[in-house]
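The values are calculated or read from the model by the stated rules, or taken from the named source; none is laboratory data. Because the structure is predicted, anything quoted here is derived from the model rather than measured. Backbone-built Cβ (ideal geometry, glycine too); neighbour counts: all protein chains shown.
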Amino acid sequence: MKILDRFIKGDMHGIHYSLSICIATAILWVCVHQLAEANPIWAISSMVATSDPLMKQAILTFRSRIINTMVGCAIGLVFIAIGGTRVVILPLALAVTVLVSSYIVRIPTMWRQAPISAAFVIAAGLEYHSRRHGLQAGVRRMSEVLFGCVVGLAVAWFVSVVWPLPDPLPAANPASK
């Protein structure tokens, strides 16, 4: 036990986060891979990005990720609907998404998620070489991303209720010394 204490130095946040990630990954694997027969990687990556051992931070990240994901998804779907499956729509859609996210939505936490989501949606469209199949694949991919966010937050909440952690100590300010 002394080795563990020396290694973690009394900070259980990493172990808490690890447990949350393990549980949420298992849930997503069963739900997405086994039940929906889809690749769970999009849901799992979203869950990891949304999860946090501190619920206040997890909620902030969740809110920001959901909003920016929806912005990116909507713009990606519009570009597929208008431009079809031409490769030129990818850079244009990402540029528009960054502008919308930066100057209209203005949620700095997870702001990069908007163009990433647009890229996911458009890549799905390019993969199928069909506007209709691209729209369907884009919506499916974004639903997996959003489901991963929800599972990440739910598991983080559950683990925080079962195993509450103390708030972290504020970092020492070197300028005040």
### Query
Hey, any hits in the range 95-107 for a residue that's modelled with pLDDT of 85 or more and in a loop (DSSP other than H, G, I, E, B)?
yes
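Yes or no, residue by residue, for (1) in a helix (DSSP H, G or I); (2) of a type outside the set (D, E, K, R); (3) surrounded by 14 or more Cβ atoms within 10 Å (Cβ to Cβ); (4) modelled with pLDDT under 85:
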{"residue": "Leu4", "(1), (2), (3), (4)": "yes, yes, no, yes"}
{"residue": "Gly10", "(1), (2), (3), (4)": "no, yes, no, yes"}
{"residue": "Ser20", "(1), (2), (3), (4)": "yes, yes, yes, no"}
{"residue": "Ala24", "(1), (2), (3), (4)": "yes, yes, yes, no"}
{"residue": "Ile44", "(1), (2), (3), (4)": "yes, yes, yes, no"}
### Summary
Across the range 26-42, the tally of residues that are farther than 24 Å from Ala114 by Cβ and modelled with pLDDT under 90 stands at 4
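One line per residue, one yes/no per condition, for (1) touching a Lys or Arg at 6+ places or on another chain (Cβ under 6 Å); (2) farther than 30 Å from Tyr17 by Cβ:
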residue	(1), (2)
Leu77	no, yes
Ala81	no, yes
Gly84	yes, yes
Val87	no, yes
Leu153	no, no
### Query
Is it the case that some residue within the range 160-177 is closer than 25 Å to Ile27 by Cβ, modelled with pLDDT of 90 or more, assigned to a helix (DSSP H, G or I) and among the aliphatic types (A, V, I, L, M)?
yes
### Message
Pairs please, first residue from the range 68-96 and touching a residue at least 12 places away in the same chain (Cβ under 8 Å), second anywhere and among the charged types (D, E, K, R), Cβ atoms under 6 Å, 6+ apart in sequence or on different chains.
### Response
Gly84/Arg131
### Task
Report, by residue number, each residue of the range 139-166 that is within 28 Å of Ile80 (Cβ to Cβ), of a type in the set (Gly, Ala, Ser) and in contact with a helix residue (DSSP H, G or I) (Cβ under 7 Å, 6 or more places away or on another chain).
Gly148, Gly152
### Task
Kindly provide the set of residues from the range 127-140 that are over 15 Å from Gly72 (Cα atoms) and modelled with pLDDT of 85 or more, ordered by number.
Arg132, Gln136
### Task
Collect the residues in the range 101-138 that are under 20 Å from the mean Cα position of the chain (by Cα) and at positive phi, keeping them in residue-number order.
Arg106, Met110
### Query
Mind checking which pairs have a first residue in the range 15-41 that is under 23 Å from Ala124 (Cβ atoms) and a second that is among the small types (Gly, Ala, Ser) and in a loop (DSSP other than H, G, I, E, B), Cβ under 8 Å, 6 or more apart or different chains?
Val32/Ala38
### Task
Please give the number of the condition Ile66 fails out of (1) under 30 Å from Trp163 (Cα atoms); (2) surrounded by 17 or more Cβ atoms within 10 Å (Cβ to Cβ); (3) more than 12 Å from the chain's Cα centre (by Cα); (4) not small (Gly, Ala, Ser).
(3)
